[in-house]
Amino acid sequence: MPTAAAPIISSVRKLVLYETRARYFLVGSNHAETKYRVLKIDRTEPKDLVVIDDRHVYTQQEVRELLGRLDLGNRTKMSQKGSSGLFRAVSAFGVVGFVRFLEGYYIVLITKRRKMADIGGHAIYKIEDTSMIYIPNDSVRISHPDEARYLRIFQNVDLSSNFYFSYSYDLSHSLQYNLTVLRMPLEMLKSETSKACQESFDIFEDEGLITQGGSGVFGISSEPYMKYVWNGELLDIIKNTVHRDWLLYIIHGFCGQSKLLIYGRPVYVTLIARRSSRFAGTRFLKRGANC
């Protein structure tokens, strides 16, 4: 197992979705819960998705104060004790993406995960359960008779069946590619690093992960290999408007790790199989030799 750190992709690790009548507030933090980001999602638009990312890095105290102000400002009866204007909707571990059929948008969140492997200190998780939440408020919802049918078709794709992700390791590329990128000169890395990455703060600085030369870039942030990314379309609508910390790329396939003892020393054997998102059909139509 490699000792060097693999390419790091920035991503919030813990999420809480809060709800008011007019907005959802998605609060994301690092593992240590010392740094936070906040997404504001408008619920008054029946068809369009309006997501606002202020790109501010909050401390734990600042987030508490922000949530307190939101709660107070959204109370309908200010004098009534115990009344609340901000509700905690769900806790999650990542955003799968956003999707719309014939009505408004839904947000898909990872609500349960299981650790499957560890590569050079980078954890790989399997999605165990997800939650799909309708964004527009009921007061602005424009109902369509066929919405439920499209929703059922979408949910036929079982996201708890063999879908994997990692907060800090690029699963869309092979280990050979990731280690090759590690050895690239810093000048070449800077030329390949996206503008969004250059303005990143080091959210993992207190978690023992290595970053490159104090340049403000999360280790090495290579672009994912979209051939093996299964939620690319679901993230497409927000990828240019939110900080890259929110973007969590998912692969479909298999991930397994076994511990062996060789002359008393532990060796970990890891197998990762990735299924192409462009060949998602049945076995007899979409597998076998190419042209």
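Counting charges near Phe87 (Lys, Arg +1; Asp, Glu -1) among other residues having Cβ under 14 Å from its Cβ returns a value of +3. Amide H contacts of Met116 (H built 1.01 Å from N, in plane; Pro and chain starts excluded): Ile124, Tyr125, Lys126 sit under 5 Å, all sequence-distant by 5 or more or on other chains. Under 5 Å between amide hydrogens, built in the peptide plane, is the criterion, and for Asn30 it picks out Arg13, Lys35 among residues at least 5 positions away or on other chains. Measuring only protein heavy atoms, the 1.4 Å probe finds Leu175 accessible over about 70 Å².
Could you tell me the relative contact order of region 54-164? Use alpha-carbon pairs under 8 Å, at least six residues apart, and round to a whole percent. The partial results should precede the final answer.
On the way: 140 pairs, mean separation 20.6, N = 111.
Reported relative contact order: 19 percent.
As an exercise, identify the trypsin sites (Lys or Arg not before Pro) in region 8-67 lying in DSSP coil whose Cβ has no more than 14 other Cβ atoms within 10 Å. Qualifying residues, ordered by number: Arg21, Lys47, Arg55.
Of Lys112/Lys239; Lys35/Lys112; Lys35/Lys259, which pairs sit farther than 26 Å apart, going by alpha carbon to alpha carbon? Let's see the in-between values first.
On the way: Lys112/Lys239 23 Å; Lys35/Lys112 22 Å; Lys35/Lys259 34 Å.
The answer is Lys35/Lys259.
Taking the Cα atoms of region 115-171, the ratio Rg/Rh between the radius of gyration and the Kirkwood radius comes to 1.18. In this structure the amide hydrogen of Ala89, modeled in the peptide plane, comes within under 5 Å of the amide hydrogens of Leu17, Tyr18, Glu19, none closer than 5 places in sequence on its chain.
The values are calculated or read from the model by the stated rules, or taken from the named source; none is laboratory data. What you are looking at is a predicted structure, and each value in this text was computed from that prediction instead of being measured. We place every Cβ from the backbone using ideal geometry, glycine too, and count neighbours over all the protein chains shown. Heavy atoms of the whole protein, side chains included, go into the accessibility calculation; ligands, DNA and RNA do not. Shrake-Rupley method; radii C 1.70, N 1.55, O 1.52, S 1.80 Å.
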